[in-house]
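Encoded as structure tokens, the structure appears first; notes follow it.
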Amino acid sequence: MKAARRYVLVVVGGLIGIWAMATLGCANEQQQKGHELYGHYCSHCHGATGHQNEGFNWSSMPDPKPKDLSNKSEMGTLKDNDIFNTISRDMKDTSEGGDVIGDDDFAVPTMPTFKYTLSEDEIWAIVGYVRGLHGMKLEFKIEERKKELAAALQTAQANLDQATKTYEAAEKQASEEAEKKNVDVDDAVYAKEMAAMAQAKKEFDAAQAALNNFSTRPGKGTSIARPDLTVKPEQVAKMVELGQRLYENKYGCNGCHSLGAEGGKVGPPLDRAGFRLNGTWIYRWVRNPQAMKPETRMPALGLSDADARAVTMYLGTLRAPKPDAPIEKPAG
Ligand code: HEC
Ligand code: HEC
């Protein structure tokens, strides 16, 4: 009797354990994912536990220095959505005469965007991790959002099927009637059903894109075509100037790369980029680093074709002498 009761307890205990693991599993998986992504993409600037001067890049960065993510009184004023929008935004040209920046826009060039590098659910997992660094919990429900998007896709699919059937029936009826009367089919008779079907298809495509974007990295499977980098000689100086401005004031490349004694050290120094790297390679790299090296810590910053050309031109002018070599005599 006693043995049997113990056996029941063990079985029940085991079942509760399995149930707990199944329900907590999802949450743990998100947490684990957020932790790993934060370690790879954020900790060099913000530190493993979010404290200032903890990340190896912190002290080399220009002002403003990376925020203290462990500071609850400051970080607590931000909503989950605010943090998401900071990490997933378009970079703004902060130079005078650059982009218009609204009061609510976060526009610090040296805080990179991850909008073009990570999927939305990955960014939400990171937001959850950041919340933990200042002792708060993510309120946004990642799994629920994914379920909502999947349900919306199903509804859109059903609507499209229905609209297609209605259209086919209307078209069939119109051609049968035309045949009876021995006249040409009048397309206008079923134009309404055709427009409804086109609209349903549009909504279906949008629902599918929303679901895909949620869980797929944006750059995945895209590769950047070789650019034609020829520039009219009279445009060179202007482009180089623009490139330098974008490098510092829009994309904050200096937060991760150094020129001389200035700048971050997440990536290699770029003082000699003009000697070492070829323009076509630079252009393709800055537009989508992940296409060349999927796990690189350098995010895709959303450079347009024009911005990438200007930045490439600028990097081509970086030709510092080797640190330990005598300065070369200029030719001629
Ligand atoms: C190259 C260094 C760098 C990296 C990498 C970086 N950050 Fe930042 N971060 C900054 C800087 C600089 C600021 C702005 C500080 C300020 O405004 O005073 C900042 C600000 C923030 C803020 C505050 C936003 C606000 O509205 O005030 C959050 C949250 C944040 N970063 C999260 C992250 C997360 C999460 C990652 C990784 C996905 C990350 N950062 C990667 C440099 C970095
Ligand atoms: C968050 C940090 C970060 C930012 C911001 C960043 N980079 Fe990088 N970059 C890196 C890292 C890390 C590497 C090294 C690549 C690797 O092997 O993973 C790199 C590599 C490079 C290289 C190749 C250098 C070499 O010697 O092989 C170039 C060129 C470059 N980055 C240019 C830029 C430009 C231009 C910008 C701004 C538009 C920029 N980077 C912004 C981190 C960054």
Worksheet item: From the list L301, L246, L315, which residue is open to solvent by less than 40 Å² (accessible area, probe 1.4 Å), near ligand 2 (Cβ under 10 Å from one of its atoms), touching a residue at least 24 places away in the same chain (Cβ under 8 Å) and part of a loop (DSSP other than H, G, I, E, B)?
Response: L301
Practice prompt. Could you please find all residues in region 42-86 being surrounded by 19 or more Cβ atoms within 10 Å (Cβ to Cβ) and on the phi > 0 side of the Ramachandran plot?
Written response: G47, G50
Item to complete: List the helices (runs of 4 or more DSSP H) that sit entirely inside region 31-87 and contain at least 1 residues that are β-branched (V, I, T).
Response: 80-87
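Can we say L24 is assigned to a helix (DSSP H, G or I), modelled with pLDDT under 95, farther than 29 Å from L69 by Cα and open to solvent by 80 Å² or more (accessible area, probe 1.4 Å)?
The answer is no for L24.
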Worksheet entry | Among the candidates P323, P269, P294, P233, residue that is at negative phi and surrounded by 14 or more Cβ atoms within 10 Å (Cβ to Cβ) | P269
Fill in: Those residues of region 254-298 which are near ligand 2 (Cβ under 10 Å from one of its atoms) and of a type in the set (A, V, I, L, M, F, W, C), in sequence order
C256, V266, L270, A273, L277, W281, I282, W285, V286, M292, M298
Fill in: Conditions (1) assigned to a loop (DSSP other than H, G, I, E, B); (2) more than 8 Å from ligand 1 (Cβ to nearest atom); (3) free of Cβ contacts under 8 Å to residues at least 12 places away in the same chain; number of the one not met by T94
(3)
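The values are calculated or read from the model by the stated rules, or taken from the named source; none is laboratory data. Keep in mind that this is a model prediction, so the values were computed, not measured. Cβ sites come from the backbone with ideal geometry, for glycine too, and all protein chains shown count toward neighbours. Quick note on the areas: whole protein, heavy atoms, side chains included, nothing else; ligands and nucleic acids left out. Shrake-Rupley method; radii C 1.70, N 1.55, O 1.52, S 1.80 Å.
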